[in-house]
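Participant: Here it is, the structure in full.
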Amino acid sequence: MFKRLIYKELLKRLREPRRFLQVLAGARQTGKTTLIRQVLEDFSGQGYYATADEPTLKDAQWLEQQWEAGRQLASTKTKHAVLVLDEIQKIPGWSETVKRLWDADTASGLPLQVVVLGSAPLLVHSGLSESLAGRFEIIRVPHWSFAEMRDAFRFSLDEYIYYGGYPGSAPLIAEPQRWQRYILDALVETTISRDVLLMRRVHKPALFRRLFELGCQYSGQVLSYNKMLGQLQDAHNTTTLAHYLELLKGAGLLEGLSKHAGQKIRQRGSSPKFQVHNNALITAQGNLSLPEARADGTVWGRLVESAVGMWLVNAVKGTHVDVHYWRAGNHEVDFVLVKGGKVVAIEVKSTPRRGKLSGMDAFAKEFTVHRKLLVGADGIPVEKFMTTDILDWF
């Protein structure tokens, strides 16, 4: 679902006259490399692919050599030539080098399209914002949707809710221990150690790791920063925790949703609601198998709500939709979508509801609500909700 749209959009941009550097940004194992290879196969011109994700250290000189190879394609009088640079953020000072080369080609009128790929949106964006302002467009690649895992690997809804949307892990679900080690070692540890700790200033790595574990443990729950300080040792201030949450979000692992209040200042000061970007991050750290989790109503309800949440935070990438939550006293709305002046309130239930949705009613008294949605139980089926374009609810 997501990848088809991204494929079409990127191919369309590459066929246009050269205007902007294209940035394909997403977390590990979201299919960026596979996607760009498919685009190159169907591209009408010539393409050159190079990756910095190799054991030997890459530097600015290596980058210049790859760029020159792309220039050679563009100078052969072909109408279309594309240079693809994968894992770009691993090259020290990459953005300054790219800016110099891009500006030189712009000045000479060389029709070379350039696509850069990065494994963590926040890391890529930092280099872009420093040196390449006004020269790039970002295409965000989210985690795989239920429809994509279903079509590619025949995942059932229950399997998607439990195993999440990492395509590389799909062949391992019949061997639970291998699947678990793959998620924790090849994805989580690699992302934290290589994409964050080695490339960003993190003064307390142990605290950063514990915050990630806490966020997965409490995914779908609101936790104040003061409560986090009580749960985490060596956490001296809330500013550090907020910064680390932003790094985890940028790495495509989890984020803290802000409270909907209609005022940006109040949103930023609210207690965050933890939300993983992929349910595998929860279940790989637990001790329950899929049948055991399915049989436990409390556990399964939490996983269902988290699956809806991960669908939302991935589906809004590249749109103008924001995802929040809302709480006032004992009243709560699981998710609040905001687009322009329209607000959509969402409640998630894994079992038939008892009585009215008091949280939804209280929310509607305080805000003008465009639409109120009950997902699961006796409302919109979870499968239907997660296969509907999020903009359709507006």
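Participant: Given a Förster radius of 51 Å and the C-beta distance between residue 57 and residue 356 as r, what FRET efficiency does 1/(1 + (r/R0)^6) yield to the nearest 0.05?
Facilitator: 0.25
Participant: Separate question: What is the Cα radius of gyration of the chain over 2.2 N^0.38 Å, N being its residue count?
Facilitator: Ratio of Cα Rg to 2.2 N^0.38 Å: 1.03.
Participant: Counting Lys +1, Arg +1, Asp -1, Glu -1, what net charge surrounds residue 60 among other residues with beta carbon under 14 Å of its beta carbon?
Facilitator: With Lys, Arg at +1 and Asp, Glu at -1, the net is 0.
Participant: Under a straight-distance cross-link criterion of Cα-Cα below 24 Å, which lysines are reachable from residue 342, leaving out those fewer than 8 residues away in the same chain?
Facilitator: 259, 264, 273, 317, 356, 365, 372, 384
Participant: I would also like to ask the following. Shape verdict for region 242-380, please, from the Cα gyration tensor: rounded (a/c under 1.5), prolate (a/b greater than b/c) or oblate.
Facilitator: Judged from the Cα gyration tensor, region 242-380 comes out oblate (a/c at least 1.5, b/c at or above a/b).
Participant: Set the Förster distance to 30 Å, then compute FRET efficiency between residue 371 and residue 217 from the Cβ-Cβ distance, nearest 0.05.
Facilitator: With a Förster radius of 30 Å, E is 0.40.
Participant: Okay, moving on. What residues of region 275-305 lie in the reach of a label at residue 197, counting those whose backbone N is under 15 Å from a point 7 Å from the Cα along Cα→Cβ?
Facilitator: none
Participant: If you don't mind, there's one more thing I want to ask. For region 84-162, just the Cα atoms, rotate onto the principal axes and tell me the three extents in Å, largest first.
Facilitator: That gives 53, 25, 20 Å along the principal axes, largest extent first.
Participant: On each of the three principal axes of the Cα atoms of region 2-141, give max minus min coordinate, whole Å, ordered largest first.
Facilitator: 35, 34, 30
Participant: Further question on the same structure: Looking at the chain, which longest stretch skips every one of the trypsin sites (Lys or Arg not before Pro) that is in a DSSP loop with at most 14 other Cβ atoms within 10 Å, leaving the sites themselves out?
Facilitator: For trypsin sites (Lys or Arg not before Pro) (loop position, at most 14 other Cβ atoms within 10 Å), the longest site-free span of the chain is 202-352.
Participant: Right, another one. How far, in nm, would the chain grow between residue 296 and residue 190 when pulled straight, counting 0.36 nm per residue and subtracting the alpha carbon separation?
Facilitator: 35.0 nm
Any read-out appearing in this document is the output of simple, stated calculations on the displayed coordinates, not a laboratory observation. Note that the structure is a prediction, hence the values are computed from the model and not measured. Every residue, glycine as well, gets a Cβ built from its backbone with ideal geometry; the counts of neighbours run over all protein chains shown.
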